[in-house]
Amino acid sequence: RTVYVNGDYVPENEATISVFDRGFLFADAVYEVTSVLDGKLIDFPGHMARLSRSLGELDMAAPVSDDELLDIHRRLLSENDLVEGMIYLQVTRGAADRDFLFPEADTRPNLVLFTQEKSLIDSPLAERGQKVRSVDDLRWRRSDIKTTQLLYASWAKSRAHAGGADDVWLVRDGHVTEGSSNNAYIVTADGTIVTRHLSPEILSGITRQAVLQCARELQIKVEERPFTLDEVRGAREAFSTSASSFVSPVIEMDGMAIGDGEPGPVARRLREIYIEKSRAAAI
Ligand code: PLP
């Protein structure tokens, strides 16, 4: 596999980053994951807009222009003949002597991208439906910034997995915030989609935005507000969204079936429509 590091396209085993890189030492880095279908980028402008915002919130400079980012993504796709999967992009504040204080502004950011092949359309998990567990949301309260500080989510998901579940839904003050790496939704008895409103406590999912738009076009009522675990247990169906999983049904919470314990029709329909629309708009 060819990867991109600071202007160079190199074989993955020849790519190097300093041990003093602040991404490595402090998780002082932001990232994006853009999915790829038919060799094209899904929702690319949305991901790059969110990247700019993450950088801005952390007073980090953009390493290259948006046009250059598109060129880099496309060149990496073609170097690796990627047809379906993801492109991962990370910007770190760069290498500096280890110090909690941010280094001087002239530190050069590190920019890294790599591709990952993955079958996205054919997804056994989306067919079967995910089993999730609830866990306290103990992340810092700026989850709106897409940083590489992912240890809590990774730890919680791994523990849930060891206990037979597929993922975790994070809970703060009795209400679901989001999944470990996805946004969370329920469909109520009257057919309304409920998902938490945007705030510093969740990531503004690029897929979330597109899927809510699909729901509105299908004239499904959408409420953006916090919801409780009781509401999840009493829901007709539930699902999650992310760039790498699109729309993925959730069939169980803490060992209890949601609805009839099968992937629900709203999640299935939204998955189909989202894939169709985003595929047509891919660049
Ligand atoms: N929430 C969290 C915590 C995430 O890590 C992600 C994606 O990785 C999402 C939500 C979904 O965002 P997107 O749809 O842009 O992939």
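What follows draws every value from the coordinates through simple rules; no lab data is involved. Predicted, not measured: the structure shown is a model, and the values here were computed from it. Here the Cβ positions follow ideal geometry from the backbone for every residue, glycine too, while neighbour counts run over all protein chains shown.
Derived from the Cα gyration tensor, the three semi-axes of the equivalent ellipsoid of the chain are 33, 22, 17 Å, largest first. Taken over the alpha carbons of segment 84-198 as equal point scatterers, the Debye sum produces base-10 log I(q)/I(0) values at 0.10, 0.11 Å⁻¹ of -0.45, -0.54.
Spherically averaged projected area of the convex hull of Cα atoms, segment 124-281: 8.6 nm².
Evaluated over the chain, the count of Lys pairs having alpha-carbon atoms less than 27 Å apart is 13 (only pairs 8 or more residues apart or interchain). When the chain is treated as a Gaussian network with alpha carbon springs shorter than 10 Å, the biggest mean-square fluctuation among SER65, SER123, SER204 belongs to SER65. Shape index of segment 25-80: Rg/Rh, with Rg the Cα radius of gyration and Rh the Kirkwood radius from the inverse mean 1/r over Cα pairs, equals 1.00. By the count of other C-beta atoms within 10 Å, a proxy for reagent exposure, ASP254, ASP21, ASP59 are ordered fewest to most as ASP59, ASP254, ASP21. Between ASP38, ASP190, ASP167, the Gaussian network model of the chain with springs among Cα atoms under 10 angstrom shows the greatest mean-square fluctuation at ASP190.
Placing dummy labels 7 Å off each Cα toward the beta-carbon, the span from ALA162 to ASN6 is 3.8 nm. How far is the Cα center of segment 138-156 from the Cα center of segment 42-68, in Å? Between the Cα centres of segment 138-156 and segment 42-68 lies a distance of 19 Å.
For the pair segment 222-283 / segment 160-197, the C-alpha centres are spaced 9 Å from each other. Rg and Dmax of segment 2-117, both derived from C-alpha coordinates alone, stand at 14.2, 44 Å.
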